[in-house]
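The values are calculated or read from the model by the stated rules, or taken from the named source; none is laboratory data. Because the structure is predicted, anything quoted here is derived from the model rather than measured. No Cβ is skipped: glycine too gets one built from the backbone with ideal geometry, and neighbour counts run over all protein chains shown. The accessibility values were calculated without ligands, DNA or RNA, using every heavy atom of the protein model including side chains. Shrake-Rupley method; radii C 1.70, N 1.55, O 1.52, S 1.80 Å.
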Amino acid sequence: MIASRTKGTLYDLLGVTASASPAEVEAAYHDLARQWHPDRFYSRDTGDRGRDIEENFVAATRAFRTLQDPLKRQGYNRDAGVVVTTTTVTPGVPRPPATPPPPPQTPLTPLGRSGVQAGETSPGGTRVYEARVPVAPPPEPPRVVPPPPPKVPTAVDKIRDQIGEQLGRARAYYDAGKVDFDAGRYTKAESALYLAAKFDPKNTLYTELYEKAVARSREGRAKAFIAQAETEESYQRIKEAIGFYLKAVECDPPEGTAYYRLALLLRNHEHDSRGAVTQLRKAITKEPRNIPYRLALCDLYESLNLHVNALREAQAALAASPKNEAAKAMVKRLKR
């Protein structure tokens, strides 16, 4: 079992004293982040430990953000009853008062206007035996103010804490996903950003980056499937190639290559003209000015005796490329 680190004060959680400097707080947080960051357990079967791992990382992040901000740290110390000293700090226990220094030894001072010292004889013949100098009383020890009693959380406080914890988890997942996105690890970023958007759905920054990660991830998977399909096609393994092209088009790639290659295999090897027409239309939707796509669809329409549709595609190809000889020949033949 992985012990939860969410008990005690924020200083206990990070393993530092209440008088720790910002640099010490940051160093302790980085050590814990390396230990409990969810990326360390990515693609592992953590079982029941997954929630503890996530809670430890989120708690460490919240502690770091609170103790790094001077105002937040001061407010937390006050609310939690933490007394900061230069030696040992115990939460909730006031610092003992310092022992007052002994009163200063006041030397004998002259008496009267003649400046006679103790032990001398005054001008009037009187023997002076001591100097009566008033000494200030020792200062009173500082009053010890007991810490305020702990606040009993209300239902509103509990809801507010739950919301704050949820938003903290969302921020932690966003930070991790942003790092992966900037590094080009879009599939991994998609997973973390999905959780960030789930825990804080109103944050448009999270949702926008998540949508970008999804698009980049799908595009990357589509390219990988197309490369595998082309390899299978080069070895004349048509069934396998069709399977990979189908996986590629399911990723909705921005280009029409996968749709076009899939249409040719369906028409020439599976004799599936209807399926080929569907894929060629999708290819043209992705790239409307691609002449080979339109001429392939025109030829397929012509083979199905759909001359009106075939002429329409041939004319669209010629409009996109007026000097294209194949498009000219196709339009001329269909107009006969």
The number of residues in segment 198-233 that are under 21 Å from the mean Cα position of the chain (by Cα), acidic (D, E) and open to solvent by 50 Å² or more (accessible area, probe 1.4 Å) is 2
For segment 186-242, the count of residues that are within 28 Å of Y173 (Cβ to Cβ) and in contact with a Pro (Cβ under 8 Å, 6 or more places away or on another chain) equals 6
N290 vs (1) within 28 Å of E190 (Cα to Cα); (2) among the polar types (S, T, N, Q); (3) surrounded by 18 or more Cβ atoms within 10 Å (Cβ to Cβ): all pass except (1)
Residues of segment 181-193 being farther than 22 Å from F64 by Cα and within 11 Å of the chain's Cα centre (by Cα), in sequence order, are F181, A189
Considering segment 143-165, residues that are charged (D, E, K, R) and under 33 Å from the mean Cα position of the chain (by Cα), and then whichever is nearest to E55 (Cα to Cα), we arrive at E165
Taking segment 255-283 and keeping only residues that are farther than 23 Å from Q228 by Cα and of a type in the set (V, I, T), one is left with V277
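For (1) open to solvent by 90 Å² or more (accessible area, probe 1.4 Å); (2) not small (G, A, S), each residue gets a yes or a no:
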position	(1), (2)
R143	yes, yes
P149	yes, yes
D157	no, yes
R160	yes, yes
G164	no, no
Y174	no, yes
D182	yes, yes
A189	no, no
A196	no, no
Considering residues that are surrounded by 18 or more Cβ atoms within 10 Å (Cβ to Cβ) and farther than 29 Å from D252 by Cβ, the number found within segment 303-323 is 2
Quiz item: Given the structure, is S191 of a type in the set (G, A, S), assigned to a helix (DSSP H, G or I) and touching a helix residue (DSSP H, G or I) at 6+ places or on another chain (Cβ under 7 Å)?
Solution: no
Within segment 234-261, the residues that are over 30 Å from K212 (Cβ atoms) and surrounded by 17 or more Cβ atoms within 10 Å (Cβ to Cβ) are A241, I242
Residues of segment 8-26 being in a helix (DSSP H, G or I) and of a type outside the set (F, W, Y), in sequence order, are L10, D12, L13, L14, P22, A23, E24, V25, E26
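Matching residues to (1) among the small types (G, A, S); (2) modelled with pLDDT under 85:
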{"residue": "G92", "(1), (2)": "yes, yes"}
{"residue": "V116", "(1), (2)": "no, yes"}
{"residue": "V133", "(1), (2)": "no, yes"}
{"residue": "P142", "(1), (2)": "no, yes"}
{"residue": "D157", "(1), (2)": "no, yes"}
{"residue": "R169", "(1), (2)": "no, no"}
{"residue": "A172", "(1), (2)": "yes, no"}
{"residue": "V179", "(1), (2)": "no, no"}
{"residue": "K188", "(1), (2)": "no, no"}
Exception for R281 within (1) within 19 Å of A241 (Cβ to Cβ); (2) open to solvent by 60 Å² or more (accessible area, probe 1.4 Å); (3) within 47 Å of the chain's Cα centre (by Cα); (4) of a type outside the set (D, E) falls at (1)
- Query: Can you spot a residue in segment 33-40 that is more than 17 Å from E165 (Cα to Cα), at pLDDT 80 or above and either of a type outside the set (A, V, I, L, M, F, W, C) or in a loop (DSSP other than H, G, I, E, B) (or both)?
  - Reply: yes
